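In what follows, a structure is listed as structure tokens, so that the remarks can point back to it.
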Amino acid sequence: MSSSRAVSVAGEAGDAEDPELCLSDSGSEAGWEEDDDGDDSRGPGRQARCLFCDRLFSSAEESFCHCTSDHGFNIGMVAHKHRLDFYGYIQLVNFVRLEKPSAEYFSSISAPFPWEEDKYLKPALEDDLLLQFDIEDLLYSTDSSCPNGLTEASSLFQQLKRAEHRAELAEDALARAQEDLQKMRQFAQEFVMNTEVGSRPSGSAIADLQENEEEVYFSSYGHYGIHEEMIKDKVRTESYCDFIYQNPHIFKDKIVLDVGCGTGILSMFVAKVGAKKVIAVDQSEIIYQAMDIIRLNGLEDTISLIKGRIEDVDLPFEKVDVIISEWMGYFLLFESMLDSVIYARDKYLAKGNSVYPDICTISLVAIGDLKKHAERLAFWDNVYGFNMSCMKKAVIPEAVVEVLDPNSLISESCIIKRIDCQSVSVSELEFSSDFTLTVTKSSLCTAVAGYFDISFEKNCKNVVLFSTSPCCIKTHWKQTAFFLENPISVEKGEELKGRITIHKNRKDPRSLIITLSIKDMKQTYSLQ
């Protein structure tokens, strides 16, 4: 399965290692020889595994030195900062072994600490040399004693690498902000140019504002890159292709309406299986390329293209037999294009006929990924040497669309909404739902994620369906993550109960406002 997967930061006990990879940082093989000082924490066949990767070392000291130089995690500094005693140190090591947080995670935590539980007193790794290390050595030294002579220059190099990573994240955020700013400038310019100051009442000005927002939205679909991404999404495109080609009886000699046709790919599929006539409607500029594509493939006699919103155009037929559309957005309902499909269904679809896809569900699942949580929040603690932690309050309410690692799922999924496109009303697309997530492994819940499933069922001889779950092949819809400000500790078998409310943003009806209540936490998110 092709997906963006987080790299595991700790291996399992007993993994075989290549001897070439198990040398100390100095590159010397002397670390494999038994120390003559009689210290039983060293010896043949016993190595100290790094806390954050699978490298092995001949002593705990060398492992800690490696953690400092390669991962930016100084165990001595952590011991001093949190005043760890012997038991606290043991719990910390086992916590890292079991939960696999990133090194950056520790820069943002505060009391009570997540490792202060009795279960972390039990060794996570059999015969772990790090658990046999004398805590006193940490409490009297802040550099964790690097026996291989970690130089100041090497330490500085690692700091620069981490700064470079933070800079890359900042550059990505800046690029997105610049893109949004450009859209705002374009919208403002068009709005000012099309409005004569003082000549219209405020209500008319507001209507113009909403109209221009619509223009900005549809103009975004005039860019070729968006359509290339959608067509190259094999799960999306091949599912529609399979549904149409495996169920030609649905379209044979029928009049078909394609709402939001884009490049016309679905219309051409339908024409190929014998549709009598296909009406393809789209508001964006891409429809002019669609016209060329239709002519290039000799289908202009079957497919008629109309530019405009389905709510505004006049169709050449009073009624159609089938409506097909690829209307789904992030978290299914983002962009609200289903509203247009419902409008077309109620106005143009002949009684007893069908809309496709016809069945859709939205599901939630709990996520436990301390690394992503730290990347999302801890990043703001040190931005080029500046404390921007106040940004966390602004970052948390933004829902994140990304591909999630299936290994980060820590619960069974729960369906919160089932939509039958044959009968659903626009008002039903705003809703509240209780949910229960049954935890499948003890962990820290760092986020709740949403995804959707799509089915082509009605009158089908061959039912076709696809999913945007993290456990399935990735799609351009990815998943939508709602990060929790403070991770929640959960146990296997526990039922994590909550409630979710979804409604449109009144200022921008194509975006969503989502309120999530889970345990004692309540947070409102925007998806825009």
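Between E285 and F317, what FRET efficiency follows from the Cβ-Cβ distance if R0 is 25 Å, with the result rounded to 0.05?
According to the calculation, E is roughly 0.50.
Over the range 359-527, what is the relative contact order in whole percent, taking alpha-carbon pairs under 8 Å and six or more residues apart?
The value is 28 percent.
Would you pull out the residues with amide H under 5 Å of G329's amide H, same chain only if 5 or more places away, H placed 1.01 Å from N?
Result for G329 returns F334.
Under 5 Å between amide H atoms, partner at least 5 residues away or on a different chain: which partners does C261 have, H built in plane at 1.01 Å?
V281, D282
Obtain the nm distance between the two label points defined at M391 and T501 by a simple spin-label model: each point lies 7 Å from its Cα along the Cα-to-C-beta direction.
In this crude spin-label approximation the distance works out to 3.1 nm.
Give me Y120, Y343, Y384 ranked fewest to most by other Cβ atoms within 10 Å of their Cβ, as a rough exposure proxy.
In increasing order of surrounding Cβ atoms, one gets Y384, Y343, Y120.
I'd like the Karplus ³J(HN,Hα) series for the range 501-518: coefficients 6.51, -1.76, 1.60, θ = phi - 60°, whole numbers in Hz, and an x wherever there's a Gly or Pro.
10, 10, 8, 6, 6, 4, 7, 9, x, 7, 9, 10, 10, 10, 10, 10, 10, 8
Where a number appears in this text, it was derived from the coordinates with a stated rule and is not lab data. As the structure is a prediction and not an experimental result, all values here were calculated from the model. When we count neighbours, we look across all protein chains shown, and the Cβ atoms used for this are built from the backbone with ideal geometry, even at glycine.
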